[in-house]
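Peer 1: Below you will find the structure I want to go over with you.
The values are calculated or read from the model by the stated rules, or taken from the named source; none is laboratory data. A quick note: this is a predicted structure, and the numbers were derived from the prediction, not measured. Cβ placement follows ideal geometry from the backbone for every residue including glycine, while neighbour counts extend to all protein chains displayed. When the accessible area is computed, the model is the full protein with side chains, heavy atoms only, and any ligands, DNA or RNA have been set aside. Shrake-Rupley method; radii C 1.70, N 1.55, O 1.52, S 1.80 Å.
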Amino acid sequence: MKLSNYFLPVLKETPADAEIVSHKYMLRAGMISQSSSGIYSWLPLGLKVLKKIENIVREEQDAAGVNEILMPTIQPADIWKESGRYDDYGKEMLRINDRQGREMLYGPTNEEQVTDIFRRAVKSYKELPSHLYHIQWKFRDELRPRFGVMRGREFLMKDAYSFDLDMDSSRTSYNKFFVCYLKTFERLGLKAIPMAADTGPIGGDMSHEFVIISETGESDIYYDKRILELMNVDKNLDYSSDLSEIVVSYQNLYAAADDKYSKDEFSKEVPKEFQSNTKGIEVGHIFNFSSKYSEPMKANVLNSNGKTVPVHMGSYGIGISRLVGAIIESSHDDNGIIWPDAVTPFAIGLINLKIKDPEAVSMCEQIYQTLNKAGIETLYDDKDDSPGAKFSRMDLIGLPKQIIFGKNSVIDKTIEIKDRKTGQTEIINISETISKINNN
RNA sequence: CGGGGCGUAGCGCAGUCUGGUAGCGCACCUGGUUUGGGACCAGGGGGUCGCAAGUUCGAAUCUUGCCGCCCCGACCA
């Protein structure tokens with residue numbers, strides 16, 4: 001993509017409305033544009049990152065054997081009345097009447113909708129376990145939206161649902177998603193700690209929040225530092241194998257958010273030198289709720305004895321739009337964003353400092369074409385701005401590698417490759433560009 | 001929803017207390033000079049001062065009502 005043709009409204013100054021760093025940088029880097037409180041438009045750069053994250057999440061769900069579906073944003077009130085949540089959910093749910101006066105709502109989550117889909121289709125234990133997910137916009141009319149996309153009212157979420165015959169098998173499903181989440185967050189370049197979370201009325205140990213460490217997080221977290229060393233899931237993991245060992249290895253180390261934290265347990269279970277107390281951002285939440293929805297909604301199957309039983313369900317969420325902010329929170333410096341390779345909108349930022357020199361322009365054009373042909377996503381700064389403006393803009397938008405075509409490039413046939421994170425530069429021959437980039 | 005703050009050009013702000021018909025920096029447009037860390041000179045365009053009503057000869061400024069946005073708290077992917 002050429003910058004001259006890219007809709008990238010960068011801001012030199014921080015808009016007064018933004019408080020935390022990810023919100024500031026997302027606005028300054030032209031990633032989002034606010035529509036109203038907690039509701040944003042996604043501009044090209046932001047959308048590209050959002051899609052990258054979405055795709056990684058999707059690939060990992062697919063790899064775990066979860067079926068992708070797409071449920072509507074607008075749901076009928078009837079199914080929520082069946083589950084009993086229509087009255088319970090309160091003002092967070094945006095309620096709408098259609099022209100016939102029918103009660104509808106903008107979905108804040110999809111347990112009812114997916115249960116309805118399941119019960120129409122599945123009647124036998126032989127079809128179980130069954131795992132479905134979708135990636136769809138949700139709306140929750142938050143009391144207080146804030147921090148840009150971190151707590152928006154409209155947000156993109158991946159939510160998955162598991163259906164099992166009994167609690168045992170339900171735990172296997174739970175473990176699968178647990179490990180899948182570890183793998184997903186690792187791919188995104190994040191250390192997301194699974195933490196024991198409140199299970200509500202069901203009880204047990206079957207609810208975990210995945211939290212990344214960040215000073216701007218909204219949750220207080222307490223954990224055993226050794227848990228960070230565990231994070232290294234096999235990329236070619238076999239999901240049909242027994243995953244409980246992996247799950248237990250995490251559960252054996254203390255990690256809890258403030259709602260579940262107990263001072264006594266923490267100091268008893270964790271040696272002083274491993275104790276850590278920081279702020280964190282919740283980016284995923286998994287839980288098992290047994291037959292909470294299947295019972296009232298009559299999502300039943302026949303078991304092997306021919307007896308009708310309600311299915312055991314679990315749900316598994318990842319806040320995709322929130323992750324955009326969360327990744328920035330955990331990867332930035334004073335000059336701007338530093339994208340992890342996995343989610344960067346472009347792999348390379350090509351800066352032409354000699355835009356008035358026709359020879360430089362044609363050489364840069366060639367480098368740009370070569371990168372494109374090699375499948376390396378490149379943002380080519382072909383604009384006629386001063387060097388300082390180009391450098392600071394490229395730093396702000398945070399592409400991990402910059403190629404600088406400067407004063408000696410035309411004569412020496414060399415370019416500079418700069419690492420955004422370390423700031424280190426290396427001068428190489430133009431002919432080596434592709435091999436150099438591919439080796440990094 | 002309780003507490004606090006803000007709304008003036010695309011962005012950041014001054015002007016409001018003490019009423020007299022709107023200004024600064026950046027950005028933008030034109031011309032010229034520049035070009036390795038947000039260049040310089042000259043000229044220029046752009047504002048229903050959030051909306052409405054009221055007070056007044058006169059309102060960005062005073063009064064009342066409404067709307068929007070942000071921050072702190074309780075709730076949450």
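Peer 1: Under a straight-distance cross-link criterion of Cα-Cα below 16 Å, which lysines are reachable from A:K81, leaving out those fewer than 8 residues away in the same chain?
Peer 2: A:K91, A:K292, A:K298
Peer 1: Moving on. Would you mind computing, in nm to one decimal, how far apart the modelled labels at A:E359 and A:L47 are, each placed 7 Å from Cα along Cα→Cβ?
Peer 2: A separation of 4.1 nm, rounded to one decimal place.
Peer 1: I've got another one for you. Can you give the relative contact order of region A:112-178 as a percent, counting alpha carbon pairs under 8 Å and 6+ residues apart?
Peer 2: Reported relative contact order: 34 percent.
Peer 1: Quick one: which residues, 5 or more positions from A:D333 or on another chain, have an amide H under 5 Å from its amide H? H modelled 1.01 Å from N in the peptide plane, none for Pro or chain starts.
Peer 2: Those qualifying (amide H under 5 Å, at least 5 residues apart or on another chain) are A:I338.
Peer 1: If you take the charge dipole of chain A about its Cα centre, with +1 on Lys and Arg Cβ and -1 on Asp and Glu Cβ, which of A:F185, A:L11, A:T199 is farthest toward its positive end?
Peer 2: Checking the options against the dipole of chain A, the answer is A:L11.
Peer 1: Next up: Pull up all non-local amide H partners of A:V301: gap of 5 or more, or a different chain, and H-to-H distance under 5 Å with H placed in the peptide plane.
Peer 2: Hits under the 5 Å cutoff: A:V309, A:V311.
Peer 1: While we're on this one: Using the alpha carbons of chain A, what is the convex hull volume per residue in cubic angstrom, as a whole number?
Peer 2: Values: hull volume 74.6 nm³, N = 440.
Cα-based convex hull of chain A, divided per residue, equals 170 Å³.
Peer 1: Which percent of the accessible area of chain A is formed by carbon and sulfur heavy atoms (probe 1.4 angstrom)?
Peer 2: After summing per-atom areas, the C and S share lands at 47 percent.
Peer 1: Right, here's the next one. Among A:T370, A:Q402, A:S386, which residue has its Cα furthest toward the positive end of the charge dipole of region A:348-438, with +1 on Lys/Arg Cβ and -1 on Asp/Glu Cβ?
Peer 2: Comparing the listed Cα positions along the dipole, A:Q402 ranks first.
Peer 1: Also: Pull up all non-local amide H partners of A:S207: gap of 5 or more, or a different chain, and H-to-H distance under 5 Å with H placed in the peptide plane.
Peer 2: For A:S207, the qualifying residues are A:A197.
Peer 1: Within region A:264-289, list the residues whose amide N lies under 20 Å from a label point set 7 Å along Cα→Cβ of A:D88.
Peer 2: What the label zone holds, given the 20 Å backbone N cut-off, is A:285-289.
Peer 1: Report the equivalent ellipsoid semi-axes for region A:307-354 in whole Å, largest first, defined as the square roots of five times the eigenvalues of the gyration tensor built from alpha carbon atoms.
Peer 2: The three semi-axes for region A:307-354 are 43, 13, 6 Å.
Peer 1: On a 20 Å Cα-Cα criterion, which of the cross-link pairs A:K356/A:K413; A:K48/A:K176; A:K12/A:K390; A:K191/A:K263 come out too long?
Peer 2: Result: A:K48/A:K176; A:K191/A:K263 exceed 20 Å.
Peer 1: Measuring from a point 7 Å past the Cα of A:A342 along Cα-to-C-beta, which residues in region A:207-229 have an amide N at less than 19 Å?
Peer 2: A:209-214, A:227-229
Peer 1: Treating the beta-carbon of each Lys and Arg as +1 and of each Asp and Glu as -1, no other charges, what is the dipole magnitude of chain A about its Cα centre, to the nearest 20 debye?
Peer 2: 880 debye
Peer 1: Sticking with this one: With all protein chains present and a 1.4 Å probe, how do A:T433, A:T216, A:T422 order by accessible area, largest first?
Peer 2: Output order, biggest surface exposure first: A:T422, A:T216, A:T433.
Peer 1: Here's a follow-up. Does region A:180-256 come out rounded, prolate or oblate by the C-alpha gyration tensor, with a ≥ b ≥ c the root eigenvalues, rounded set by a/c under 1.5 and, if not, prolate when a/b is larger than b/c and oblate if not?
Peer 2: Oblate is the answer for region A:180-256, as a/c is 1.5 or above yet b/c matches or exceeds a/b.
Peer 1: Out of the DSSP beta bridges found with both residues in chain A, what percent are antiparallel (nearest 5)?
Peer 2: So the antiparallel bridges amount to about 85 percent of the total.
Peer 1: Per the helix-only calculation at 222 nm, which mean residue ellipticity applies to chain A, given -39500 (n - 2.57) for every DSSP H run of n ≥ 4 and division by its residues, nearest 500 deg cm²/dmol?
Peer 2: The per-residue figure over chain A is -9000 deg cm²/dmol.
Peer 1: Measure nothing but the geometry: give the 0 to 90° angle between the long axis through the Cα atoms of A:387-397 and the longest principal axis through the Cα atoms of chain A, rounded to 10°.
Peer 2: Around 10 degrees separate the two axes.
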